[in-house]
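Undergrad: Just dropping this structure here.
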Amino acid sequence: MELLTRFTFVSACLFAEWAVTFIAVANCSISPSEMNGDSALKLPSAVIPVSQKSTLGSFYSLSLSSTFPEDLEVNEYCTELLRIYGQRYVTFANCLVTYARPVRVCQNCYTGFNSLEDIYKNISFDKSAPGNVSCHDSLMRSDRLMLLYTLFIKLDEIWTSAECKQCLNEDQDALSNDTLYFMATLNQSLSCFEQYQRNHTELCKDCKTSYKRLNEVYGRMEKNQMLCIDLEDAMNMTQHLWSKNFRCLLPREETVPVIAVSSFMLFLPIIFYLSSFLHSEQKKRKLIHPKRVKSSSSLMNIQDKFS
Amino acid sequence: MANISKKVSWSGRGDDRGERTPLLNGAEDGKYNRHLSVGGIFQVGRLSTVDLEEITPEEDIVRSRPKEIPHNEKLLSLKYESLDYDNSENQLFLEEERRMSHMGFRCLETRRWVICGLIGFLTGLIACLIDIAVEKLAGYKYSAVKQNIEKFTEFGGLSISLILWAVLNSAFVMVGAIAVAFFEPFAAGSGIPQIKCYLNGVKIPRVVRLKTLAIKVFGVICSVAGGLAVGKEGPMIHSGAVVAAGVSQGRSTSLKKDFKIFEYFRRDTEKRDFVSAGAAAGVSAAFGAPVGGVLFSLEEGASFWNQMLTWRIFFASMISTFTLNFFLSIYHGKPGELSSPGLINFGRFDSDSVQYNLYEIPLFIIMGALGGVLGALFNVINYWLTIFRIRYIHRPCLQVMEAMLVAAVTATVSFAMIYFSNDCQPLGQDNTEEYSLQLFCADGEYNSMATAFFNTPERSVRSLFHNPPGSYNPLTLGVFTLAYFVLAVWTYGLTVSAGVFIPSLLIGAAWGRLFGILLSTITSSQSIWADPGKYALIGAAAQLGGIVRMTLSLTVILVEATGSVTYGFPIMLVLMTAKIVGDYFIEGLYDVHIKLQSVPFLHWEAPPTSHWLTAREVMSSPVTCFNRVEKVGRIVDVLSNTSTNHNGFPVVAHTTENDEPGKICGLILRSQLIVLLKHKVFVERASSRLSHRKLQLKDFRDAYPRFPPIQSIHVSQDERECMMDLTEFMNPTPYTVPQETSLPRVFKLFRALGLRHLVVVDNENRVVGLVTRKDLARYHLGKDGLEELHLAQT
């Protein structure tokens, strides 16, 4: 579980960074004025300048020097869609990064994902576009990079592997009741931990009931496949606290009886083999002398040769 | 005549022949001695009996009393007979062939294909049944024990869980062992040695019966579910063979049901071909390795082979894998998905981290040598254990008790290991361990010793192959290897039906993984090439190769089971090394067990340094012969003589009164004589028989393979005086050799033609002796040169 979390986190980080850079660039090339929008401002300042300086210059010169005939240009409606897509993408990616550690992405970013998905669907299933070229074709399938598609698919993959849908209700617009209940139980445990933080032996004794209930709830949800990365991570942390930090481990108390029973069991075969060796009649084989040319001639010939 | 006096002195010591007798290459003049000694034989030899099925020391009875010795490996049992692979080309056969049209032969060929398809299908079904039953039963057992352990970890009383586990194990094993020990002892073990013998041409009683199959399948399910250190793969081969023997005959004598189909195939030659197809289908179902199955049949039973047969066997193998896949896909809820492999699933080795490089080859070879040494150790210990078992634990109830004890101890050892293990690992993301135990580990972690012990062996193998690096710590693996090695050695040879493939693989995988881990700690830790899973695979191959010593077929089986040809080269190298190193110490496990069963097994070649032995020394003499037209009374007397249980009788032109051996004109088998007696084919009845239908080859086939004993055939006093004409029924052209033929030459004839009887004649074509399988099998190369095995009654 830890591995998964870490991996998701790292990839999310990397990806978000990468995605954000690209968005910035794309945005710039289409409508430079939009760059001052709120989304770009939120970006960590370290990310933008590096790529901006080098790529932006060439982009500007390219787009200025050559314009395509009108029918090949992206029409305004599509440009508008593209702009909204960009904004929502940035918002969602930003949200993912913000809640990456400890993982709270499902709880906090589902609105972002839903709106991104909406706009993506709008673009893909767009039929009402003016003109004969649909936005789907002009935005998504005009070049081999297929940037919008790839960007969305990557985020969608992250969302799927986080299994966030299992924590949300059917309409995907709020956390499900079970999730809320689990979080309430978790909070109880955590507050109990806080209360006894000084004395670990007390903590192990007194918080056991709430911790146990938490485990039960978790186990039930696991069976019903209602877990998402948030809950798994929270549970993981709690278990780590419980076992590693507070050292509430089960004591190994029964070494003596286990050894006693084991040695008794191991003793049985020895008795068995000894008694069958002593009491069982040894199986004897009756030798039979085959009839040869002369009685045992071959043997004798051999002996002759031997001598 | 110094020779004679010497002989006398030796014969005086005839009594202490119980010991092993070294045979040495003699001096040149030995030949003359033999010639001299032959002189007196023919006068002495009456026309009594021979053919080694059973020999009584009539004349020697005074000088050499039957001795009793404890069982050892240097014996040949009288219990085993040969199969009749040589086709008897008598007149009936020729007639039938003449009657058969061209279409008839076409039909036969088609029928052979249909039978092979059926064999594959049924074998696949049985594999499927075993797989599902084991999975269900083991699932119930492990979840019960797991719940119990979880409950008691918290509140105390884990020793009760231990007892519960031990009792459950013993109960399963008890049921299986009772079935085997009391109902069908031949279903014990993996069955591979038995099938090997069968394909070699030895008739092991009851080995290919339906009852054996039923007990085998039931026993395997019980012993695997009972948690013994065994696998279900070896018995699949036996099961396949039984299915083949049953289907090809179109009837079951156990069920007394005759479907009246495939009657043409009711003889040993045809049956053997189908049995090799069945064995191949079994291998292919067990490992998902159709080509490996074909090669297994080729390697283990290939004294008789042709291309069409290979192709048919391959067909049966493929059908069997396909059937297994198809039904398992239905069981797993994905009908039609055919890509899942056989019973044991090694998983796929295709990620980048499991590639290998040139500089790893020496390491693989070292591992191969290690596997050879460990395999030899396994075989040696098991050899002594088996001797002890044969000598002392031969009563069925003792055998059942022993099996139960082993099961209980297996559970105990496993539990103790798990209990005292401190190796905790975090749970994997997709929870590959179905029965993971937490015990005293931190929450969210599991006990890694439990993945190895608290699991069916197949799953353990898979987790050793595929769990990511760091899933086991070296101490766990070391202790596990040691414990499992002891358990596996102890378990093989119990009276339960179970195979040795999986335990070997498991031991090998454990130390192989350990090897890999140690390697990566010695070298810089960042190196990718020391992926422990890869070394687990190589270790498994080395250990298995060291124990069973199969070569070509095992390579292909492992390559197919892992699904990557990339590993063909290292696996081959490893198996080669393991075999070379292991053979230096002791033979393969199956050969050891064949020897201990006192089976007259013919190896590929006659023992070296045996060219000086001639047919005269090898043969049995004098021979019981029949005349062309023989008196019924004499035939009945010879057949019902309990002290001689011969199966083949040379038919001679006519014997003179002074016991001169007659000229050979044919060979007739006991089974044929019995059928003749049963149908009362007497010369005196010939006139009345005209109204009857003439005896056909079909009548002989109907009696096959369980010819009634002579005692069940009633011959009245009048009939005893009748005569019987054997001309029509005997094989008129039996193979013969002159007396001076060397042993390797005789051996080659036997091995290549699948002979049962070889008549030794003098230069006037008179019968002087008869060579059978046991005459040849008794020579083998020991430590001090050629040794002779003793015949014994078992």
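The numbers here are math on the coordinates, done by the rules we state, and not lab data. All values derive from a computational prediction rather than experimental measurement. Backbone-built Cβ (ideal geometry, glycine too); neighbour counts: all protein chains shown.
Undergrad: Treating the beta-carbon of each Lys and Arg as +1 and of each Asp and Glu as -1, no other charges, what is the dipole magnitude of the stretch A:73-167 about its Cα centre, to the nearest 20 debye?
TA: In debye, rounded to 20, the stretch A:73-167 gives about 340.
Undergrad: Be a star and scan the stretch B:716-752 for residues whose amide nitrogen sits under 12 Å from the point 7 Å along the Cα-to-Cβ vector of residue B:684.
TA: What the label zone holds, given the 12 Å backbone N cut-off, is B:716-724.
Undergrad: Still on this structure: Please give the length that would be gained between residue A:209 and residue A:111 if that part of the chain were fully extended, namely 0.36 nm times their separation in residues minus their C-alpha to C-alpha distance (nm, one decimal).
TA: 31.8 nm
Undergrad: Loop-only trypsin sites (Lys or Arg not before Pro) in the stretch B:438-536, please: DSSP not H, G, I, E or B, and at most 16 other Cβ atoms within 10 Å.
TA: none
Undergrad: Further question: Taking only C-alpha pairs under 8 Å that are 6+ residues apart, what is the relative contact order of chain B in percent?
TA: Dividing the mean separation by the residue count of chain B yields 20 percent.
Undergrad: Using R₀ = 51 Å, calculate the FRET efficiency as 1/(1 + (r/R₀)^6) where r is the Cβ-Cβ separation of residue A:282 and residue B:114; round to 0.05.
TA: After rounding to 0.05, the efficiency reads 0.50.
Undergrad: Sticking with this structure for a sec: Would you be so kind as to identify which of B:355, B:375, B:404 lies farthest towards the positive end of the dipole of chain B, taking Lys and Arg as +1 and Asp and Glu as -1 on Cβ and the Cα centre as origin?
TA: Going by the charge dipole, the pick is B:404.
Undergrad: Sticking with this one: Taking the Cβ of residue B:215 as the centre, find all other residues whose Cβ is under 13 Å away and add up their charges (Lys, Arg: +1; Asp, Glu: -1).
TA: That works out to +3.
Undergrad: Is it possible to state the helix-based mean residue ellipticity at 222 nm for chain B, with each DSSP H run of 4+ residues giving -39500 (n - 2.57), the sum divided by total residues, to the nearest 500 deg cm²/dmol? What is it?
TA: Result for chain B: -17500 deg cm²/dmol, rounded to the nearest 500.
Undergrad: Mind listing which GluC sites (Glu not before Pro) in the stretch B:711-794 are in a DSSP loop and have 13 or fewer other Cβ atoms within 10 Å?
TA: B:721, B:740, B:764
Undergrad: For residue B:284, what charge total do you get from the other residues with a beta carbon under 15 Å from its beta carbon, if Lys and Arg give +1 and Asp and Glu give -1?
TA: Every neighbour counted, the sum reads -3.
Undergrad: Also: Taking the Cα centre of the stretch B:615-791 as the origin, how large is its charge dipole in debye, to the nearest 20, when only Lys and Arg (+1) and Asp and Glu (-1) carry charge on their Cβ atoms?
TA: 880
Undergrad: What angle do you read, to the nearest 10 degrees and between 0 and 90, between the alpha-carbon axis of helix B:532-548 and the longest principal axis of chain B?
TA: 20
Undergrad: May I pose another question? At 7 Å along the Cα-to-beta-carbon direction for both residue B:740 and residue A:202, put a label point, then send me their distance in nm to one decimal.
TA: With each label point 7 Å from Cα toward Cβ, the separation is 10.8 nm.
Undergrad: Could you work out how far the C-alpha centroid of the stretch B:395-425 sits from that of the stretch B:469-540, in angstrom?
TA: Distance between centres, Cα-based: 19 Å.
Undergrad: For residue A:212, list the lysines whose Cα falls under 29 Å from its own Cα; do not include residues on the same chain fewer than 8 positions away.
TA: Candidates past the 8-residue exclusion: A:165, A:223, A:244, B:141, B:146, B:151.
Undergrad: Also: Please list, by residue number, everything in the stretch A:100-119 whose backbone N is under 11 Å from a paramagnetic label point 7 Å out along Cα→Cβ of residue A:153.
TA: The answer is none, because no backbone nitrogen lies closer than 11 Å to the label point.
Undergrad: In nm, to one decimal, how far is the modelled label at residue B:752 from the one at residue B:587, with both set 7 Å along Cα→Cβ?
TA: 2.4
Undergrad: Calculated FRET efficiency, residue B:781 and residue A:249, Cβ-Cβ r, R0 60 Å, to nearest 0.05?
TA: 0.45
Undergrad: Using a 4.7 Å cut-off between beta carbons, which cysteines in chain B end up with no partner cysteine at all?
TA: So far as the 4.7 Å Cβ criterion goes, B:107, B:116, B:128, B:197, B:222, B:397, B:625, B:665, B:722 stand without a partner in chain B.
Undergrad: Considering the dipole of the stretch A:73-167 built from charges on the beta carbon (Lys and Arg +1, Asp and Glu -1) around the Cα centre, which of A:107, A:140, A:75 is farthest to its positive end?
TA: Checked the options; the winner is A:107.
Undergrad: With a cap of 11 neighbouring Cβ atoms within 10 Å, and only residues DSSP puts in a loop, list the trypsin sites (Lys or Arg not before Pro) found in the stretch B:680-774.
TA: B:693, B:694, B:706
Undergrad: On to the next question. Can you tell which of B:707, B:327, B:593 lies farthest toward the positive end of the dipole of chain B, using +1 and -1 charges on the Cβ of basic and acidic side chains (Lys, Arg; Asp, Glu)?
TA: The listed residue farthest towards the positive side: B:707.
Undergrad: Is there a quick way to get the dipole size of chain B? I mean about its Cα centre, with the Cβ of Lys and Arg at +1 and of Asp and Glu at -1; what is the value in debye to the nearest 20?
TA: The dipole magnitude comes to about 1540 debye.
Undergrad: Next up: Calculated FRET efficiency, residue A:137 and residue A:160, Cβ-Cβ r, R0 22 Å, to nearest 0.05?
TA: 0.25
Undergrad: Could you please report the charge total around residue B:155, scoring K, R as +1 and D, E as -1 over all other residues with beta-carbon less than 11 angstrom from its beta-carbon?
TA: -3
Undergrad: Further question on the same structure: Just to confirm the number: angle between the C-alpha axis of helix B:2-12 and the first principal axis of chain B, 0 to 90 degrees, nearest 10?
TA: It works out to around 60 degrees.
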